[in-house]
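**Student:** This is the structure I want to talk about, given as structure tokens.
The values are calculated or read from the model by the stated rules, or taken from the named source; none is laboratory data. Quick caveat: nothing in here was measured; it's all calculated off a predicted structure. Reconstructed Cβ throughout: ideal geometry from the backbone, glycine too, with neighbour counts over all protein chains shown. Note: accessible area is taken over every heavy atom of the protein model, side chains too, but ligands, DNA and RNA are not part of it. Shrake-Rupley method; radii C 1.70, N 1.55, O 1.52, S 1.80 Å.
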Amino acid sequence: MTTAPRAPAGPDDPELVEPGRGGGLADVLRRRYLLRLIVRRELRARYQGSLLGLGWSYVRPAAHFAVFYFVAGVFLGMSKNVQHFPIFMFSGLVLVSFFNETLINTTHSVLGNAPLIRKVYLPRELFPVASLLVSCVHLLPGVAIALGVAIAWGWTPSALAIGSALLGFALVAVLGIGLGLICSALHVFYRDTDKVVDIATLFVTWSVPMIYPWTMVRDTAPGWGLDLYLSNPMAVGVLLFERAFWWPTTDRTFVFPAGLTRDALVLLVLGVLLLGAGQFVFARLQRRFAEEL
């Protein structure tokens, strides 16, 4: 008995997916097992042959803290002007480091996995999302250090502190992956995109109230300058982290910008729109990834 050969699959065949026309970030959620494998591979490759391994996640923020503390806190005297300056600075530093690492690593994520992309089709968004999750792994030690120091100075959990930390993290994470999708796609076609990203991360460090309080900007900048400063999602995210970890350890006389939570929620909505735009740009450009790689 012979069976009739199966007719060629048409363009609407649900078993076929045209390369570059997958489900985007929804495909990443459906293929979480692949995401876990890629995250494990990135962590293993990064620390292969390393003496400290994941311990470098503690050394890196500690080294950054030491440099900024002695320059800003000791030499520039900020530790005399800001109560509990170490936790003030470190609570912002961990968030800035998380964003910078996310943006840099997502920018390189597609090009760095070119051999895999050329061999097999899988959602290309897996690579930027995996880079974000690796940055989250590196964020945890910094948050643990900040929380430990804050507890030593009298920090106690509260709805305001926990909510501020979660909102600040969500704002920066959405911003990082949204920009990361765009930059990772552009980097395939323009190999100097990473140079632009490196320069941008330098500006991020100094454009947020991490080594100085936002009140210095309020007292010196014109009104429009302050509005522009507070429209920066990174600045708002850092303020939220300071409200979560630093402010409860002080005498609580420090005043944050009016409507900080409201502005953060508005910026989070705009960040989600940026994430949608990033997914759109990534989906349009990934159709040519194979030929460019």
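**Student:** What residue among LEU230, LEU76, LEU179 has the largest mean-square fluctuation in a Gaussian network model of the chain, using Cα springs under 10 Å?
**Tutor:** Largest GNM mean-square fluctuation: LEU76.
**Student:** Binning every alpha carbon pair distance of the chain at 10 Å from zero, what are the percents per bin?
**Tutor:** Percent of pairs per bin, in order: 6, 25, 31, 21, 11, 4, 2, 1, 0, 0.
**Student:** Shifting gears a bit: Please compute the per residue accessible area over the stretch 78-202 with all protein chains in place, 1.4 Å probe, rounded to a whole number of Å².
**Tutor:** Details: 4660 Å² over 125 residues.
Normalised by residue count, the accessible surface of the stretch 78-202 is 37 Å².
**Student:** Per-residue ellipticity at 222 nm for the chain, helices alone: DSSP H runs ≥ 4 residues times -39500 (n - 2.57), over residue total, nearest 500 deg cm²/dmol? Write out the running numbers ahead of the final one.
**Tutor:** On the way: 14 runs with 199 residues, N = 293.
Per the formula, -22000 deg cm²/dmol.
**Student:** Hey, what angle do you get for helix 56-68 against the long axis of the chain, alpha-carbon based, 0 to 90 degrees rounded to 10?
**Tutor:** Taking the Cα atoms of the chain, the angle to 56-68 is about 40 degrees.
**Student:** What percent do you get for the relative contact order of the chain when only Cα pairs under 8 Å and 6+ apart count?
**Tutor:** Dividing the mean separation by the residue count of the chain yields 28 percent.
**Student:** Continuing with this model, one more query. Return the loop-located trypsin sites (Lys or Arg not before Pro) in the stretch 118-172 (DSSP other than H, G, I, E, B) with at most 14 other Cβ atoms within 10 Å of their own Cβ; answer none if there are none.
**Tutor:** When the trypsin sites (Lys or Arg not before Pro) of the stretch 118-172 are filtered for loop state and at most 14 Cβ neighbours within 10 Å, nothing remains.
**Student:** Right, here's the next one. Along the stretch 273-278, what does the Karplus equation 6.51 cos²θ - 1.76 cosθ + 1.60 (θ = phi - 60°) give for ³J(HN,Hα), rounded to whole Hz, x for Gly and Pro?
**Tutor:** Whole-Hz 3J(HN,Hα) from phi for the stretch 273-278: 5, 5, 4, x, 5, x.
**Student:** What do you get for the angle between helix 126-152 and the principal long axis of the chain? Use alpha-carbon atoms, 0 to 90 degrees, nearest ten.
**Tutor:** 20 degrees
**Student:** Still on this structure, please answer the following. Just the number, please: Stokes-Einstein D of the stretch 190-232 in µm²/s, Kirkwood Rh from C-alpha pairs, 25 °C, 0.890 mPa s.
**Tutor:** Answer, rounded: 208 µm²/s.
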